[in-house]
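Worksheet: the structure to be examined is printed underneath.
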Amino acid sequence: MKPRFYLTTPIYYVNDAPHIGHAYTTLACDVLARFKRLDGHEVFFLTGTDEHGQKVEKAAHDAGQEPKAFTDKVSANFRDLARVMGISNDDFIRTTEPRHYAACAAMWQRLADNGALYLGHYEGWYAVRDEAFYGEDELTTGPDGVKRAPSGAPVEWVREPSWFFRLSEWGPKLLDFYDAHPDFIGPASRRNEVTSFVRGGLTDLSVSRTSFKWGVPVPNDPDHVMYVWLDALTNYITATGWPEDGPRAKFWPADLHMVGKDIVRFHAVYWPAFLMAAGLAPPKRVYAHGWWTNEGQKISKSLGNVIDPLALVAEFGLDPVRFFLLREVPFGQDGDFSRAALNRRLNGDLANDLGNLAQRTLAFIAKNLAPEVPAPGAFTPADTALLDAARALVGTLRTELDRQAFHAALEAVWVVVRAANAYIAEQAPWALRKTDLARMGTVLWVLLETIRHVAVLLQPFMPTSMANMLDQLGQGEGARMLVALETPLAAGTALPPPAPIFAKVEMAA
Ligand code: MSP
């Protein structure tokens, strides 16, 4: 039986157009999903849209549309983004779908049956932008007199009848759970943030609203709609077919919820508490990545510096953008998007290092040898050193990607790419052509074998370019899984005519 891997992106609010932050989370998940598939796993990769709540209702109203028509349109933009970014999701969930209403109703019922809910009255601060409740002590008042949440979102005073979830009872159980599962939250800085929040004491959570209608109705209490975060988080289990015992039920609990740092509390505190209270297993891991700034500035609509991922892909090509986003910034930390950095990565890492390595090797063979993989002779220590480094990569990538260290995985690959370029310079196959053809064949075989490892392992990051590179290495569809790296490259494999894979980009003046 294949090992299974279930991973999710956050579901995106449909109040606005997709931007770089959405593309980033989804892309990171896509790389993991593709890697796990190549590594023989049965993967279920979910993304989708979060369509209820006051914020979306307001956006629809501002656009002069009914919420349903509005969300249909904006949700489609997120689907398009996934297509343009080459995302390999297995499902796309919308919280307005009947399957999700059914799961939300079942979740509510379980919580109610288990005594986790009670009817009361909420009075306090609410930030529509975050769809979150805040305590007075968390707020600051700006020079404009506006009270704001730590996220910067303005808050308003809310007073209404509400159902509550007995979150206050879950503190000690959550802390035990974090202790027993040290990998539940990554990176470590977020884990500390969450545990200190929980240690600070939890208050009961308002989980229904009565002042607007755009939400999942509370069973048996039609004046209430569910709090949008209870509704939204439930999507992760809806998609497994829950509460039915369908073919996807086996995927729960999820292996990984990938989120941005701003929504860790919902995923690492509320969600496991809801699940445990409902008698369901919590997910295995929540990983929070950092936020992008644009040329040093916070990205915001009011500053007019939102980065459109579609425009980036149109300008630089998909694979270079995918590579840049995961290479430039250590995953988990905040990072800055700049065109200079993008150009540097594309020209340096892709065109000069990787592109040249493949191009020099393949063009040299095409010019000087029969168009096939040469047979190697005995290996020198230099050959063995490069081959060992290339063969160790698969293990390194497994480890690094299991801890969501995309940048470290890529850096490890580039250590080998740079070593291979140094090896070409040292071995000088062009000189061997005149003195020792057998040795030249061995050197080229070592290079092809190294490039094959690199290309197979980089497929999740740059699917199209690496498919092209593997085509040029004569490696068909059947030879691209990680397991294929356990067998050495076969001499005599036909090599089609080579063509450059990465173009250099010109710096705009
Ligand atoms: N709808 C909720 C999630 C519900 S999950 C059950 C939500 N949606 S969102 O559309 O506002 O944000 C989605 C993701 O985009 C978050 O993970 C957030 O961290 C991420 N980003 C938003 N701006 C970002 C950057 N500038 N940089 C990186 N990621 C950013 O929250």
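The values are calculated or read from the model by the stated rules, or taken from the named source; none is laboratory data. Remember, it's a predicted structure, so these values are computed and weren't measured experimentally. All Cβ positions, glycine included, derive from the backbone under ideal geometry; neighbour counts span all protein chains shown.
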Inset, instruction - State the number of residues belonging to region 25-55 that are out of contact with any helix residue (DSSP H, G or I) (no Cβ under 6 Å at 6 or more places or on another chain) and part of a strand (DSSP E or B). - result: 3
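Among the residues of region 43-79 satisfying the criterion of being under 20 Å from the mean Cα position of the chain (by Cα) and without any contact (Cβ under 8 Å) to a residue 24 or more places away in the chain, which is nearest to Pro3 (Cα to Cα)?
Applying the first criterion (under 20 Å from the mean Cα position of the chain (by Cα)) to region 43-79 yields 43-50, 75-79.
Checking which are without any contact (Cβ under 8 Å) to a residue 24 or more places away in the chain leaves us with 76, 79.
Working: Ala76: 32, Arg79: 28 Å.
My answer is Arg79.
Take the conditions more than 30 Å from His121 (Cα to Cα) and modelled with pLDDT of 95 or more and apply them to Trp229. Does it pass? First the steps, then the outcome.
On the way: more than 30 Å from His121 (Cα to Cα): no; modelled with pLDDT of 95 or more: yes.
Criteria not met by Trp229.
Going by the structure shown, is Phe197 more than 19 Å from Cys29 (Cα to Cα) and buried (at least 17 other Cβ atoms within 10 Å of the Cβ)? It would help to see each step written out before you state the result.
Working: more than 19 Å from Cys29 (Cα to Cα): yes; buried (at least 17 other Cβ atoms within 10 Å of the Cβ): no.
Judged against the criteria, Phe197 is not a match.
Might you check whether a residue that is modelled with pLDDT of 95 or more, in a helix (DSSP H, G or I) and over 30 Å from Lys36 (Cα atoms) occurs anywhere in region 384-394?
Step one: filter region 384-394 for residues modelled with pLDDT of 95 or more, giving 384-394.
Those still in the list that are in a helix (DSSP H, G or I) too: 384-394.
Still in the list and also over 30 Å from Lys36 (Cα atoms): none.
No; the residues of region 384-394 include none that is modelled with pLDDT of 95 or more, in a helix (DSSP H, G or I) and over 30 Å from Lys36 (Cα atoms).
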Inset, instruction - Using the structure shown, decide if Thr49 is of a type in the set (Ser, Thr, Tyr), near the ligand (Cβ under 10 Å from one of its atoms), out of contact with any Pro (no Cβ under 7 Å at 6 or more places or on another chain) and farther than 27 Å from Glu328 by Cβ. - result: yes
Inset, instruction - Restrict the check to region 291-298 and report whether at least one residue is under 30 Å from Ile501 (Cα atoms), within 13 Å of the ligand (Cβ to nearest atom) and out of contact with any strand residue (DSSP E or B) (no Cβ under 9 Å at 6 or more places or on another chain). - result: no
Legend entry - Members of region 355-412 found to be surrounded by 14 or more Cβ atoms within 10 Å (Cβ to Cβ) and among the charged types (D, E, K, R), listed by number: Arg360, Glu372, Asp383, Arg391, Arg398, Glu400, Asp402, Arg403, Glu411
Inset, instruction - With the checklist (1) within 20 Å of the chain's Cα centre (by Cα); (2) crowded, with 16+ Cβ neighbours inside 10 Å in hand, flag the one item Arg4 doesn't pass. - result: (2)
Legend entry - Residue list for region 467-509, restricted to those being touching a residue at least 40 places away in the same chain (Cβ under 8 Å) and assigned to a helix (DSSP H, G or I): Met469, Gln472, Leu482, Val483, Leu485
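Here is a list: Ala59, Ala33. Which entry is over 20 Å from Ile237 (Cβ atoms) and either hydrophobic (A, V, I, L, M, F, W, C) or within 12 Å of the ligand (Cβ to nearest atom) (or both)?
Working: Ala33 fails: over 20 Å from Ile237 (Cβ atoms).
Selected residue: Ala59, the only one of Ala59, Ala33 that is over 20 Å from Ile237 (Cβ atoms) and either hydrophobic (A, V, I, L, M, F, W, C) or within 12 Å of the ligand (Cβ to nearest atom) (or both).
I'm trying to understand the selection: among the residues of region 124-163, which are acidic (Asp, Glu) and part of a loop (DSSP other than H, G, I, E, B)?
Scanning region 124-163 gives Asp130, Glu131, Asp144.
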Inset, instruction - Quick one: His121 ticks every box in (1) in a helix (DSSP H, G or I); (2) touching a strand residue (DSSP E or B) at 6+ places or on another chain (Cβ under 9 Å) except a single one, so which number is it? - result: (1)
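For Phe274, state whether it is buried (at least 19 other Cβ atoms within 10 Å of the Cβ), of a type outside the set (A, V, I, L, M), within 13 Å of the ligand (Cβ to nearest atom) and farther than 22 Å from Val84 by Cα.
Numbers: buried (at least 19 other Cβ atoms within 10 Å of the Cβ): yes; of a type outside the set (A, V, I, L, M): yes; within 13 Å of the ligand (Cβ to nearest atom): yes; farther than 22 Å from Val84 by Cα: yes.
Taking the combined requirement at face value, the residue satisfies it.
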Legend entry - Some residue of region 94-101 being assigned to a strand (DSSP E or B), within 24 Å of Leu7 (Cβ to Cβ) and not charged (D, E, K, R): no
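Within the group Trp445, Trp430, which residue is among the aromatic types (Phe, Trp, Tyr), farther than 19 Å from Pro381 by Cβ and at pLDDT 95 or above?
Values: Trp445 fails: farther than 19 Å from Pro381 by Cβ.
Selected residue: Trp430, the only one of Trp445, Trp430 that is among the aromatic types (Phe, Trp, Tyr), farther than 19 Å from Pro381 by Cβ and at pLDDT 95 or above.
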Inset, instruction - Any residue in region 260-279 that's of a type in the set (Ser, Thr, Tyr): show its pairings with residues that are within 13 Å of the ligand (Cβ to nearest atom) at Cβ separation under 9 Å, as long as the two are six or more apart or on different chains. - result: Tyr270/Trp229; Tyr270/Leu230; Tyr270/Leu233
Inset, instruction - Select, from Ala375, Ala341, the only residue that is part of a loop (DSSP other than H, G, I, E, B) and either under 29 Å from the mean Cα position of the chain (by Cα) or small (Gly, Ala, Ser) (or both). - result: Ala375
Legend entry - Conditions (1) under 20 Å from Ala17 (Cα atoms); (2) more than 20 Å from the chain's Cα centre (by Cα); (3) aliphatic (A, V, I, L, M); (4) surrounded by 20 or more Cβ atoms within 10 Å (Cβ to Cβ): number failed by Leu303: (4)
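For Thr442, are the conditions met, namely being in a helix (DSSP H, G or I), among the β-branched types (Val, Ile, Thr) and surrounded by fewer than 15 Cβ atoms within 10 Å (Cβ to Cβ)? So that I can check it myself, show each step before the final result.
Numbers: in a helix (DSSP H, G or I): yes; among the β-branched types (Val, Ile, Thr): yes; surrounded by fewer than 15 Cβ atoms within 10 Å (Cβ to Cβ): no.
Against the criterion (in a helix (DSSP H, G or I), among the β-branched types (Val, Ile, Thr) and surrounded by fewer than 15 Cβ atoms within 10 Å (Cβ to Cβ)), Thr442 does not qualify.
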